[in-house]
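These notes concern the structure reproduced below.
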């Protein structure tokens, strides 16, 4: 689903454990790390897409997690020009994402990265809250920072840990409805 501005509807999934650490997945065959994410099909709500992507990418079912919260608005990022498929119709220039914060209610042994034929991740680890902003590919940094900032009060009602990393590449696309 690509909107009239060229942004593909997508969900992002931030999974935390009891220690308030975050799931961080390495993309298959790459030295690239990210949160689980994926497109929203035309017949899905963002929540339904989130549960489908959670199963496809991490192998977890709805009963394995609790939804703690989600971003109130779409968060957008543009793709670098070299990643835009100029001959695709409709043209996709980036993604607009709804982010979900989940807490696991299962064992680590329930995680299964290769439940389906084409896995997204080949390895994962627990990381500190702000570490993903430091490690994710540059064009997703602002979205990650905004999602984590918005969701931090849910996980850290006493106040979030200090964020020692601030993305420098400010992007003109801020949160929009």
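Please treat every number below as a calculation from the coordinates, not as lab data. The shown structure was predicted, so the numbers you read here are calculated from the model rather than taken from an experiment. So basically every Cβ, Gly included, is an ideal-geometry build from the backbone, and we count neighbours across all protein chains shown.
Taking 8 Å as the Cα distance limit and 6 or more residues as the minimum spacing, I'd like the relative contact order of the chain as a percentage.
30
Expressed in nm to one decimal, what extension gain is obtained for the pair residue 30 and residue 5 from 0.36 nm per residue of sequence separation less their Cα-Cα distance?
Computed gain between residue 30 and residue 5 is 6.0 nm.
Which percent, to the nearest 5, of DSSP beta bridges fully inside the chain are antiparallel?
Around 70 percent of the beta bridges assigned by DSSP in the chain are antiparallel ones.
Could I have the simple spin-label model distance between residue 154 and residue 48, label points 7 Å from Cα toward Cβ, reported in nm to one decimal?
Taking the simple label geometry, residue 154 and residue 48 are separated by 2.1 nm.
Using 0.36 nm per residue of separation minus the Cα-Cα distance, give me the extension gain between residue 106 and residue 19 in nm, one decimal.
Roughly 30.0 nm would be gained on extension.
For segment 30-177, list log₁₀ I(q)/I(0) at each q in 0.21 Å⁻¹, using the Debye formula over Cα point scatterers of equal strength and ignoring solvent, two decimals each.
Results for segment 30-177 at q = 0.21 Å⁻¹ read -1.73.
Can you give me the Cα centroid spacing of segment 129-163 and segment 1-34 in angstrom?
After rounding, the separation between the Cα centres reads 13 Å.
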